[in-house]
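Novice: What follows is a single structure, and I will ask about it in a moment.
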Amino acid sequence: MTEAVRVESGKRFARRPRRVRPEAEPAVPSATPPPEAPETAPPPPAPEAGPPRRRGDWLRLYGWLAAIMAAVLVGGWILFAAGPPTEAELREQARLTGKKKLLIGVKDDTPGIALRDKTGAFSGFDIDIAYMIAGELGFRPDQVEFLSIETEDRARRQATDADGNFVTVDLVVATFSITAKRLQDPSVGFSSPYLFTEQSVVTRADHARVTSLGQLAGEKVCTLGTSTSEGPLAESGAKVTAENKISACFEGLEAHLYDAVSTDGAIMAGFVARSGGRLRHHDIGLETTEMWAVNTGTNTALRTLVELALYRSYADPQNRMWEDAYDRHIRPLLAANPGVNVAQSTQPCLKAPQVRRWPWERALSADGC
């Protein structure tokens, strides 16, 4: 058994003969041909050579442009929003939005300025100016209601309706002159002036020429109560009577109850023109200018809108509403009132009101005052 093991061991460690790898037999062609390779589209032609693009430069340029545009838009909006109110905002603040009627207090007994006829229709320079302003405020003529107002009620804006009841009006366009005293009244809110005139004197045609108020000392002179003419007349030594209506003064003058009437020349020119030569108008050489303005009371937004309406009339050469009103109502009175500066024939200069506008909105320019 030991020998058998040794024999197996000898076999186990004996050198084995080297095996020779048989040569590779040539490949036999297959009966089925191999599949052809699919056709591919030719590659697109290469683009022409050009300057190399730098993506970072373009991105930086776009970023700068976007930042500049954003700054301009934001800055413009900040300036627009921080500025004065727009016209639309002023309408809201003035409580005009949705308003169906605009109430305006006017005189009713002054020919050429504001006169109500037998049918109840009003006409005159002040009436045309009131219609002009109302149109700029967005009201048609049929949405304007004129109410009669007396001199002493103009500051309070208290007019009377057809039944004689007192009504607070939105505007007063009634030969109302700007004075320092009236400017101190908190209930009065004056616009810029819309007409310049001056105090003068009217007598009957047989009265001696009057060149100064001092010549009326001791004479009976009628004027409007609480008007700017009352003080200078009292200082001159005249015997002054104050009436509520200027028509009452002229009725008293023609009835020989008064020797003269004195107030603004533009107020009296119409009475002289229709007197047929019975009355005479005198220039008394006063330097004080009577400046008629619109009273809007405490409604400051409405006052700014009135300013805007007057400014557009003044600054726009195509807007001749003021000039047409003067030519229609005051100019025809001048021939009957020779030698008297009845009223300045050009609209008083106005500065542009503070109303915010977009840069592309049409702006009016006017000479400085």
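Novice: Residue 201 - would you say it is β-branched (Val, Ile, Thr), surrounded by 21 or more Cβ atoms within 10 Å (Cβ to Cβ) and farther than 23 Å from residue 304 by Cβ?
Specialist: Taking the combined requirement at face value, the residue satisfies it.
Novice: Out of all the residues in segment 93-116, which are more than 19 Å from residue 292 (Cα to Cα), out of contact with any strand residue (DSSP E or B) (no Cβ under 7 Å at 6 or more places or on another chain) and either in a strand (DSSP E or B) or open to solvent by 50 Å² or more (accessible area, probe 1.4 Å) (or both)?
Specialist: Matches in segment 93-116: 93, 95, 97, 98, 99, 100.
Novice: What pairs come out if I take residues in segment 124-139 that are within 20 Å of residue 343 (Cα to Cα) and among the aromatic types (Phe, Trp, Tyr) and pair them with residues that are open to solvent by less than 10 Å² (accessible area, probe 1.4 Å) and assigned to a helix (DSSP H, G or I) whose C-beta lies under 7 Å away, six or more apart or interchain?
Specialist: Final answer for the pair search is 125/325; 125/326.
Novice: Here are 119, 97: which of them is in contact with a helix residue (DSSP H, G or I) (Cβ under 8 Å, 6 or more places away or on another chain) and free of Cβ contacts under 8 Å to residues at least 12 places away in the same chain?
Specialist: 97
Novice: Here is a follow-up. Give 344, 318, 354 a once-over and let me know the one that is out of contact with any Pro (no Cβ under 7 Å at 6 or more places or on another chain), modelled with pLDDT under 95 and outside any helix (DSSP H, G or I).
Specialist: Exactly one residue qualifies, and that residue is 318.
The rows are residues; the columns are (1) open to solvent by 30 Å² or more (accessible area, probe 1.4 Å); (2) within 19 Å of the chain's Cα centre (by Cα).
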position	(1), (2)
119	yes, no
122	yes, no
126	no, no
129	no, yes
147	no, no
151	no, no
170	yes, yes
186	yes, no
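Novice: Further, regarding this structure: Report yes if some residue within segment 72-86 is under 22 Å from the mean Cα position of the chain (by Cα), of a type in the set (A, V, I, L, M) and at pLDDT 95 or above; otherwise report no.
Specialist: Taking every residue of segment 72-86 in turn, none turns out to be under 22 Å from the mean Cα position of the chain (by Cα), of a type in the set (A, V, I, L, M) and at pLDDT 95 or above.
Novice: Going by what's in this entry, would residue 152 be described as of a type outside the set (Phe, Trp, Tyr) and part of a strand (DSSP E or B)?
Specialist: So residue 152 does not fit the description; no.
Novice: Please determine, by comparing only the residues of segment 131-145 that are out of contact with any strand residue (DSSP E or B) (no Cβ under 9 Å at 6 or more places or on another chain) and among the acidic types (Asp, Glu), which one is surrounded by the fewest Cβ atoms within 10 Å (Cβ to Cβ).
Specialist: It comes out as 142.
Novice: Being at pLDDT below 95 and either out of contact with any strand residue (DSSP E or B) (no Cβ under 6 Å at 6 or more places or on another chain) or part of a loop (DSSP other than H, G, I, E, B) (or both) is true for just one of 90, 61. Which residue is that?
Specialist: 61
Novice: Follow-up question, since we're still on this one. Going by the structure shown, is residue 306 open to solvent by less than 20 Å² (accessible area, probe 1.4 Å), part of a loop (DSSP other than H, G, I, E, B) and modelled with pLDDT of 95 or more?
Specialist: no
The values are calculated or read from the model by the stated rules, or taken from the named source; none is laboratory data. None of the values given here were measured: they were computed from a predicted structure. Backbone-built Cβ (ideal geometry, glycine too); neighbour counts: all protein chains shown. All accessible areas refer to the heavy atoms of the entire protein, side chains included, with ligands and DNA or RNA removed. Shrake-Rupley method; radii C 1.70, N 1.55, O 1.52, S 1.80 Å.
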